[in-house]
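Below is one structure, written out as structure tokens; the observations come after it.
The values are calculated or read from the model by the stated rules, or taken from the named source; none is laboratory data. Quick caveat: nothing in here was measured; it's all calculated off a predicted structure. Heads up, the Cβs are rebuilt from the backbone with ideal geometry, glycines too, and the neighbour counts pull from every protein chain shown.
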Amino acid sequence: MIGGGIAGVSAAAHLAPLADVTLLDMESTLAYHTTGRSAALFVVNYGADGIRPLARASRRFLESPPRDTTEAPLLSPRGLLWLASSDQMATIEKLAAEGAESGAGSVLVDAERARELLPVANPVWVAGGLYEPSARDIDVAGLHQAFVRMTRRHQGEIRVGERVASIEERSQGWAIRTTRSTYECDVVVNAAGAWGDQIALIAGVGPVGLQPMRRTAFMVPGDSGFSAWPMVVDADQRFYFKPDGVQLLCSLAEEEPSEPTDPRPRIEDVALAIERINEATSLSIRSVNSQWVGLRTFAPDREMVIGEDPDASGFFWLTGQGGTGIQTAPAYGSLLASLVTDNELSDDLMEAGVDPDVTSPTRLRM
Ligand SMILES: Cc1cc2nc3c(=O)[nH]c(=O)nc-3n(C[C@H](O)[C@H](O)[C@H](O)COP(=O)(O)OP(=O)(O)OC[C@H]3O[C@@H](n4cnc5c(N)ncnc54)[C@H](O)[C@@H]3O)c2cc1C
């Protein structure tokens, strides 16, 4: 398993009872890259068509994770309010139609109801919105740790500080050389996030066209009185914010192509997000406590890439998690494990309508 973000540990946790698993990450701590930089929301009505069944199929695990893997609930109430100005109401109606199909239980709200949900909404700016009460906050560190515990419980090994430098196909299986050691294995799982195509290339496998995209986030001073607010997202995704303890987590919600790297925030991106949030609300944000950027990595059709490469036996992809890799992790970890072993999908995957063809890497090779 290459990569110890949420994708790698989820797959390791699901595979460890069925196979000998070793997970390698180049950093000295796990979840240092995108996984440690998310907004931590669970929301069914979001992302490409194939993402929504993966989110639905993850709900049961998130609501009741396996015994002794967590110390606190992984989900807590939040709600999501898509907020619209008068010229964004068409976008809200489209979102509402998609929400109805996904079974998210979202409801259209007028300006008055939007201002009940978000008392600081600017009455001149807000025209209405779409409210999804079932959206939840996810304890990302708790979820990541649960997968680590499940992996170790079944003798899976986790090694940090090991950058994969070369991958060689052998007559039987693969040889992986890292900065510290060499490993031989039957199956390689590429869960390297923004570096997914680079890992393929060093293995002599064709890339699938992954594109990492920057997204800026930052914390501003808040108030414990904000804690009941939903997460608030601009209808055209030009900003979002949500309470986080006594702070507000804010984002420009941008998508700007990047190389796979450890990206740094820019003052102008933070300033633009603040300008937009201050226009839509009476928050009058003036100072920032902390700021960061994460890379959300997408395949060309924005579906995830999960399964065996059609041209490289034993090389499995688990990439393209984009902006939904936390909330879907229990489902895609389970899907990956079934594709590596017996192709038997779990009840949760079947009931949610997960279709492995939608996420198969084969679709990107036609
Ligand atoms: C601002 C922001 C908000 C978000 N909000 C949400 C949200 O609310 N809900 C949600 O579900 N998702 C959200 N996401 C998306 C989510 O964070 C990602 O989809 C998810 O974290 C991707 O996980 P990953 O394991 O694929 O990638 P990563 O966490 O980046 O992990 C990849 C790992 O591979 C390792 N690696 C790479 N190359 C090598 C190598 N050569 N050798 C060894 N190791 C290597 C890296 O060190 C890294 O640890 C958000 C993302 C951002 C940036």
- Item | Residue among Ser346, Ser287, Ser282 that alone is of a type in the set (S, T, N, Q) and under 22 Å from the mean Cα position of the chain (by Cα) | Ser346
- Please note which strands (runs of 3 or more DSSP E) are completely contained in the range 1-87 and include at least 3 residues that are of a type in the set (A, V, I, L, M) and crowded, with 23+ Cβ neighbours inside 10 Å. 80-84
- Message: For the range 279-289, which positions are touching a residue at least 40 places away in the same chain (Cβ under 8 Å) and closer than 23 Å to Ala84 by Cβ?
- Response: Glu279, Ala280, Thr281, Ser282, Leu283, Ile285
- Message: Checking Val187 against (1) farther than 29 Å from Asp244 by Cβ; (2) within 9 Å of the ligand (Cβ to nearest atom); (3) in contact with a Gly (Cβ under 6 Å, 6 or more places away or on another chain), only one condition comes out false. Which one?
- Response: (2)
- Note on the structure: Here the qualifying pairs (Cβ atoms under 6 Å; residues six or more apart or on different chains; first in the range 215-240 and among the hydroxyl-bearing types (Ser, Thr, Tyr); second away from the ligand (no atom under 16 Å from the Cβ)) come out as Ser224/Val246
- Item | Near pairs, Cβ below 8 angstrom, 6+ apart or cross-chain, from the range 146-171 (more than 16 Å from Tyr183 (Cβ to Cβ)) to any residue that is more than 16 Å from the ligand (Cβ to nearest atom) and of a type in the set (Asp, Glu) | Arg149/Asp68
- Query: Scanning the range 92-132 for residues that are at pLDDT below 95 and of a type in the set (S, T, N, Q), which turns out surrounded by the fewest Cβ atoms within 10 Å (Cβ to Cβ)?
  - Reply: Ser102
- Query: Of the residues Leu95, Leu30, which single one is of a type in the set (A, V, I, L, M, F, W, C), over 14 Å from the mean Cα position of the chain (by Cα) and away from the ligand (no atom under 16 Å from the Cβ)?
  - Reply: Leu95
- Ala165 vs. criteria surrounded by 14 or more Cβ atoms within 10 Å (Cβ to Cβ), within 16 Å of the ligand (Cβ to nearest atom) and in a strand (DSSP E or B): no
- Only one of (1) near the ligand (Cβ under 9 Å from one of its atoms); (2) surrounded by 21 or more Cβ atoms within 10 Å (Cβ to Cβ); (3) outside any strand (DSSP E or B) is not met by Thr216, so which one is it? (3)
- Can you name the residue in the range 168-179 that is within 11 Å of the ligand (Cβ to nearest atom) and more than 11 Å from Ile2 (Cβ to Cβ) and is also modelled with the highest pLDDT among such residues? Arg177
- Message: Against the definition (buried (at least 21 other Cβ atoms within 10 Å of the Cβ) and on the phi < 0 side of the Ramachandran plot), how does Ala135 come out, yes or no?
- Response: yes
- Item | Search result, residues across the range 174-191 that are in a loop (DSSP other than H, G, I, E, B) and loosely packed, with under 15 Cβ neighbours inside 10 Å | Thr179, Arg180, Ser181, Asp186
- Query: Does Met213 count as within 22 Å of Thr359 (Cβ to Cβ), modelled with pLDDT of 95 or more and of a type outside the set (S, T, N, Q)?
  - Reply: yes
- Message: Testing Ala72 on (1) closer than 24 Å to Gly245 by Cα; (2) in contact with an Asp or Glu (Cβ under 9 Å, 6 or more places away or on another chain); (3) within 14 Å of the ligand (Cβ to nearest atom), one condition comes back false. Which one is that?
- Response: (3)
- Task: Would you check which residues across the range 139-162 are part of a strand (DSSP E or B) and more than 23 Å from the chain's Cα centre (by Cα) and list them?
- Result: Glu157
- Task: Report yes if Arg276 is on the phi < 0 side of the Ramachandran plot, touching a residue at least 24 places away in the same chain (Cβ under 8 Å) and not assigned by TED's automatic domain parsing to the domain that holds Ala200, otherwise no.
- Result: yes
- How do the pairs read when you match residues in the range 290-312 that are aromatic (Phe, Trp, Tyr) with residues anywhere that are more than 12 Å from the ligand (Cβ to nearest atom) and in a strand (DSSP E or B), using Cβ under 6 Å and keeping only pairs 6 or more apart or on different chains? Phe298/Gln211
- the range 190-213, subset more than 11 Å from the ligand (Cβ to nearest atom) and in contact with an Asp or Glu (Cβ under 6 Å, 6 or more places away or on another chain), residue farthest from Glu132 (Cα to Cα): Val205
- Checking Val109 against (1) β-branched (Val, Ile, Thr); (2) in contact with a Gly (Cβ under 7 Å, 6 or more places away or on another chain); (3) farther than 30 Å from Glu308 by Cβ; (4) touching a residue at least 40 places away in the same chain (Cβ under 8 Å), the condition it does not meet: (4)
